[in-house]
Amino acid sequence: MAVLACLLAVGVFSQQATPSVSGIGVANVVVTSVYWGSNPMNPSTPHPGDVNVQLSIVLSNVGDDVARGLNATLVLGPPLTYNYYLNGAQYPAVAVSKIAGDINAGASFTLGYTVNIDPNAKEGTYRYNLQLSYNSARELQQINSKAMIDVPIWKGELHIQAVVTLPTKLYPGSKQVLLKVGIVNSGVGAAKDLLLRLALKPPFTASSGSSDQVYVGNIPAGQGSEADFIVDVGSDAQFGQYSVILGEQVGQNIISIGELTLYVNEKVGFDIVSVTPDIVSAGDSGRVIRVELKNNGSVKADSVRVQLRVGNFFTGTLTDFLGTMLAGETKVAFFTVDIDSKAQPGKYNLDLRFDWTQEDNALDNTQTLALTVATTGAPVTLIAIGIVALVVVVGYSFIRRRRMKATQTPPK
């Protein structure tokens, strides 16, 4: 009775067959329970796609005579199948027979059928025909009966329980974001061989080739697990709320479990308003480059540091600290640059890196600043002196000519 109560509690008790014979001195075999696995006190839970799982059927002789030579044939149908091998080839069977032998009156016998479950099986209870054939020893009569058995197939039912990101706030350009997703199985059956995957779309991408998928294995009914994904946020992401589908990878398809809600926060953007001068010469020393910058966002940036990252031909004081920049505020960064005399003329694209804190989050961004290196020429001061000297000489010659002409003109 304790075993029977347990089977009823877990919902695997089969429909009893109606006795096919009655009377005194006659064997009468009926089905008393059906369960998955080999332990009636701890039955297993089947899963679509399971292969070679045991279905146990308990037969009991409720008559008052021995049932001799009992044979039980299970007639199969979807989603259960049975395969056998003959000469190395595999064949399907529509029915599987098992021999129980003799069962005394009041005794029981457990049959074990090894079957497969179709991967596309739906959750539910399936009814199958079990055909029984045996002899009643005392009456020496052949008895044939049928029993309808109920076979449950359960699936796990997964739900998203919690979502946590590290760092807590996401911004455009965030890299290596750890996305921790808690899931729980609230179904009746176990969820087996789970490969979870994020169906990512812009602005989110996987940080590496497989960081958008996690194998979590089996999750028993009523239990939970955690999956860790690593993603990047595109630098051109617009701030706002996004939905990302979490699903189970089955073949080439992703079967949705639920949606994750992710929020991308606004990130301060800086505009380069002007660069003065933007033309320098090879060999310049102590040239001060003035860069006017603007906070074009709607939030403030604290502890702003600007660094000019240059190539081999540029040295000097290349970092400036601007402090706090409010939304829409403009400030000027100054860099003192020395240009190697060996620098080739042309346009140089230099990285201008911004570091700042925003709501206690350390952020950074990099833009491009262009400087043109002109061909080395005479110093500006010498050129100016030469121009002035030329003007003086030309002026002196002109005045002298006029005086000579005035002297040579006869008086009237």
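Here are some notes:
- J(HN,Hα) series, region 101-112, from Karplus relation 6.51 cos²θ - 1.76 cosθ + 1.60, nearest Hz, glycine and proline x: x, 9, 10, 5, 4, x, 9, 10, 8, 9, 8, x
- Computed over the alpha-carbon atoms, region 158-264 gives an Rg to Rh ratio of 0.98, Rh here being the Kirkwood radius from the mean inverse distance.
- Charge tally around residue 214: other residues with Cβ under 10 Å, Lys/Arg +1 each, Asp/Glu -1 each, net -2.
- Candidate lysines - alpha carbon under 23 Å from residue 146, same-chain residues fewer than 8 apart omitted: 98
- For q = 0.16 Å⁻¹, Debye-computed log10 I/I(0) when each Cα of region 270-374 counts as one equal scatterer: -0.67
- Other-chain or far-sequence residues with amide H under 5 Å of residue 174's (modelled H): 233
- Under Karplus coefficients 6.51, -1.76 and 1.60, residue-wise ³J(HN,Hα) of region 239-245 in Hz, glycine/proline x: 6, x, 9, 10, 10, 10, 7
- Taking only alpha carbon atoms, region 287-340 gives an Rg to Rh ratio of 1.06, where Rh is the Kirkwood radius.
- Cross-link check: pairs 175/294; 122/169; 201/347 evaluated at a Cα-Cα cut-off of 31 Å; pairs beyond the cut-off: 122/169; 201/347.
- Placing one equal scatterer on every Cα of region 181-239 and applying the Debye formula, the log10 ratio I(q)/I(0) at q = 0.18, 0.20, 0.27 Å⁻¹ is -0.67, -0.76, -1.05.
Computed from the coordinates by the stated procedures, all read-outs in this text should not be read as laboratory data. All figures in this text were calculated on a predicted structure; none of them were measured in a lab. As a convention, Cβ positions derive from the backbone with ideal geometry for all residues, glycine included, and neighbour counts pool all protein chains shown.
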